[in-house]
1. Count the DSSP beta bridges whose two residues both fall in the chain, then state the antiparallel fraction as a percent rounded to the nearest 5.
2. Sort 121-132, 144-155 by packing, meaning the average of other beta carbons within 10 Å per residue, with the highest value first.
3. Does region 208-277 come out rounded, prolate or oblate by the C-alpha gyration tensor, with a ≥ b ≥ c the root eigenvalues, rounded set by a/c under 1.5 and, if not, prolate when a/b is larger than b/c and oblate if not?
4. Between LYS273 and THR105, with labels modelled 7 Å along Cα→Cβ, what's the label distance in nm to one decimal, could you check?
5. Could you work out the relative contact order of the chain, using alpha carbon pairs under 8 angstrom and six or more residues apart, expressed as a whole percent?
6. Pick out which of LYS288, LYS119, LYS221 has the largest mean-square fluctuation in a Gaussian network model of the chain, springs linking Cα atoms closer than 10 Å.
7. Based on Cβ point charges of +1 for Lys and Arg and -1 for Asp and Glu, what charge dipole magnitude is obtained for the chain about its Cα centre, in debye rounded to the nearest 20?
8. Which of PHE283, PHE137, PHE103 moves the most in a Gaussian network model of the chain with Cα springs under 10 Å?
Amino acid sequence: MIIIALLSVSCLQNKGGLLRLDSEILLKQTLRRDFLRKIRKAVFPVGGLGTRFLPATKTVPKEMLTVVDKPVIQYVVDEAREAGIEHLIFVTGRNKSVIEDYFDTQIELYTTLEMRGKKKDLEHLQRIQPEPGMTSFTRQQEPLGLGHAVWCARELVGNEPFALLLPDMLMQAPKGCLSDMVGLYHKTSGGNIIAVQECNPEETHKYGIVDKGHVVANGFKITKMVEKPEKDQAPSNFYINGRYILQPEIFRIMENQECGSDNEIQLTDIMLKFAQSEPFYGFPFKGKTFDCGSKTGFIEANVAFALARDDMRDQIIAPLTALLKEKRVKE
């Protein structure tokens, strides 16, 4: 297979070099198909200041705010581990050491739970505890944007394809979004995968928007990416919802990337350049996505995840209904 691909490249280059770029892409895809690497590592950018949740986030990282009884970051880590991720890489900032402590073993707590006979609680904590060596933490000294945060993880990622999960975006579905993305990754022989979702066309200015090309397996080829376009300039209503699988060659582009909007290094700008030489595919996520970086999204997530739990649903429906009824009466 590799020899045939190399011969094809040679023939294409001999025709005046006009198809050199296409031939290089073909060769890369052929090599990846024959040596497809497992998605082992995931990057979690958790260095943000969380200013929209002040004063709570003066001392508590926004990723540690709880949805029902679990920190937001735990939901996202659970999604990654369900997809087979073996190495969790956190890009942190100042005052984020509590995240590292959270994923560490707490001997005193475990001992206390065992002494008090709280076996169920102890088993649950031990089940979600990452294994030794499974977590790594690196520091983003300056808040220079998502693209810069990902670049800070380059040495820990190495020369491997990796997943990127934004902790602000919490997802609810029978099967984790990243698990389905990994499936599409294999069906595309190792392409770059971006999770997308349909939004109200009136809200395209809030998101990164992609254009939909031909269907590929349970996804589609991405032909265009635009950052926060107005409705009349948006190529579609498919927005990027915070889950990515990226090839390590993207770090080469990040090295020389200049600041874009808001004086930050934007990941969308980097992907646009990367897409000139690498294929990108969209995975349409069918579940619910909650933007826990906003107060309304955070509250909505708490209600939705509580209603999804058998041990809480019946206890909260009545008081929620009463509150809504009272609100209507006052209005």
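1. On the way: 26 of 44 bridges.
Taking every DSSP beta bridge within the chain, about 60 percent pair in antiparallel fashion.
2. 144-155, 121-132
3. The shape class here is oblate.
4. About 4.4 nm separates the two model spin labels.
5. 20 percent
6. In this elastic network of the chain, the residue with the biggest mean-square fluctuation among LYS288, LYS119, LYS221 is LYS119.
7. It works out to roughly 480 debye.
8. Fluctuation is largest for PHE103.
Bear in mind these aren't lab numbers, they're just calculated from the coordinates by the rules spelled out. Everything numeric in this text was worked out from a predicted model, so none of it was measured. Note: ideal-geometry Cβ built from the backbone for every residue, glycine included; neighbour counts use all protein chains shown.
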